[in-house]
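Read through the structure below, which is laid out as structure tokens, and then see the notes.
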Amino acid sequence: MPVTKTCERCGRTYQVKRYKAAMSRHCSLGCVKNRLSKACEVCDKVFEVKAYRRESAKTCSFACASILKRKGPTAPEGMKWCNTGQHFKPFRDFPKCSKASDGLYHKCRECHSAYYVRNAETINEKNKTYRTANREHLIQKGRERWGNNRERYTAQKRAYWNKKKYQINAARKERNQQLTEAERVARALYHKLRYQRQRDVQKEKVREYYKKNRWAWKASGENRRARKKGAPGSFTSAQWLAKLEFWGWRCYLCRTPLEGQEIHVEHRKPLCRGGSNWPANLAPACKPCNQSKGRKTESEYRALLSMLAKVA
């Protein structure tokens, strides 16, 4: 009695010869050549599967197979599986990776740091060799990246400075105190030579900055002067502009219009006599009034003006 089997491709029942009974799986050569199609479990791409892979095939390529391997167990909401540490971690504990399908690296920060500690010398040597071999390329790439993202990088640097400026200045002062005399002389010479090489460029940068940030420059200078004298308080450029608007852009002592001439920040009670640098103690003044008032308070200066007026 002939042996019959069901074709795995078309489902038709066919007779099989005795010497082919063990290996036969298809009814014809057409069904053998017509491969099975499946959908990849990672990228959903439909691909043809060879006969010997029909049961095990889940992905279309080795790249998708590696992604499927890294997926690990089903993660709870807001968590991701770390393939190296074999544990779940929140999304914030994974570095960003633009090449990954979910935008996150397959290793958490903790495992990544541990790997770097174990292989620090090898990694540093490899990076050094690459930077040396591709120095010009990296410089050009950095310039292009800066040119394309100049405003964003500037805003990030400014925000970081405003947040950390006191810590940065303290650390800088501590480092400067630890310098030897020879290192101080070498640093001063370096900055002097650098300024001489770029004098015109630096002066032009200062002029442009002053034009765009005139009142911020003024406020910064006055705050620095007050700190040196140990006076409390500070003010911003917006607060100083509000003071100018309040006094109508006139000298608060002689009522001379200040437009088109140098505007002085006048401390109504001088800093040398215990006055503060808060906005309440500030007023705009012209150059002659500010210089003639000197160390006198507002009441003393007005009394002097009235006395001079009577004498005249």
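Read-outs throughout are calculated quantities, based only on the coordinates presented, and are distinct from any laboratory measurement. These numbers come from a predicted model, not from an experiment. Neighbour counts run over all protein chains shown; Cβ positions are idealised from the backbone, glycine included.
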Whole-Hz ³J(HN,Hα) for each residue in the range 255-266, computed from phi via Karplus 6.51 cos²θ - 1.76 cosθ + 1.60 with θ = phi - 60°, x for glycine and proline: what do you get? 6, 7, x, 9, 5, x, 9, 5, 9, 9, 7, 9
Past the 20 Å Cα-Cα mark, which pairs from Lys218/Lys296; Lys157/Lys212; Lys45/Lys96; Lys229/Lys296; Lys128/Lys165? Lys218/Lys296; Lys45/Lys96; Lys128/Lys165
Two-site FRET efficiency, Asn124 against Ala100, from Cβ-Cβ distance with R₀ of 22 Å, rounded to 0.05: 0.30
Which FRET efficiency value, to the nearest 0.05, is calculated for Arg194 and Arg172 with the Förster distance at 25 angstrom and r the Cβ-Cβ distance? 0.90
Starting from the eigenvalues of the Cα gyration tensor, five times each then square-rooted, give me the equivalent ellipsoid semi-axes of the range 124-259, largest first, whole Å. 39, 22, 17
Counted charge near Lys211, where neighbours are those whose Cβ lies closer than 14 Å (Asp, Glu -1; Lys, Arg +1): +4
To the nearest 20 debye, what is the magnitude of the charge dipole of the range 232-312 about its Cα centre, counting +1 on the Cβ of each Lys and Arg and -1 on the Cβ of each Asp and Glu? 340
Quick check: the distance between the Cα centres of the range 198-261 and the range 149-194, to the nearest angstrom? 24
Val265, Val117, Val185 arranged by Cβ crowding within 10 Å, fewest neighbours leading: Val117, Val185, Val265
Which loop chymotrypsin sites (Phe, Trp or Tyr not before Pro) in the range 210-247, with loop taken from DSSP, have no more than 11 other Cβ atoms within 10 angstrom of their Cβ? none
Counting other Cβ atoms within 10 Å, which trypsin sites (Lys or Arg not before Pro) in the range 184-252 have at most 15 and lie in a DSSP loop? Lys229
Starting from the Cα-Cα distance between Arg187 and Val49, subtract it from 0.36 nm times their residue separation and give me the gain in nm to one decimal. 42.8 nm
Near the amide H of Val3, under 5 Å away, which other amide H atoms are found, from residues 5 or more places off or on another chain, if H is placed in the peptide plane? Val16
Neighbour cut-off at most 12 other Cβ (10 Å), DSSP loop, GluC sites (Glu not before Pro), the range 241-312: Glu259, Glu262
Treat each spin label as a single point 7 Å out from the Cα along the C-beta direction, and report the Arg109 to Arg150 distance in nm. 3.2
Tell me whether the range 65-147 comes out rounded, prolate or oblate; compute the Cα gyration tensor, take square roots of the eigenvalues as a ≥ b ≥ c, and use a/c under 1.5 as the rounded threshold. prolate
Checked the range 218-260 against the a/c 1.5 cut and the a/b vs b/c comparison, axes a ≥ b ≥ c from its Cα gyration tensor; verdict prolate
Taking amide H positions as placed 1.01 Å from N in the peptide plane, with prolines and chain starts having none, which residues 5 or more places from Cys97, or on another chain, fall under 5 Å of its amide H? Leu104, Tyr105
For the range 232-312, rounded, prolate or oblate, judged on the Cα gyration tensor with a ≥ b ≥ c (square roots of eigenvalues), a/c < 1.5 rounded, else prolate if a/b > b/c? oblate
If amide hydrogens are placed 1.01 Å from N in the peptide plane, which non-local residues have theirs closer than 5 Å to the one on Asn277? Gly233
Residue by residue through the range 207-221, which ³J(HN,Hα) values in whole Hz follow from phi under the Karplus form 6.51 cos²θ - 1.76 cosθ + 1.60 (θ = phi - 60°), with glycine and proline marked x? 4, 4, 5, 5, 5, 7, 10, 4, 6, 5, 4, 4, 5, 4, x
Residue-ordered couplings for the range 98-103, obtained by feeding phi - 60° into the Karplus form 6.51 cos²θ - 1.76 cosθ + 1.60 and rounding to whole Hz (Gly and Pro as x), are 5, 7, 6, 5, 9, x
How much length, in nm to one decimal, is gained on full extension between Trp247 and Arg135, taken as 0.36 nm per residue of separation minus their Cα-Cα distance? 34.5 nm
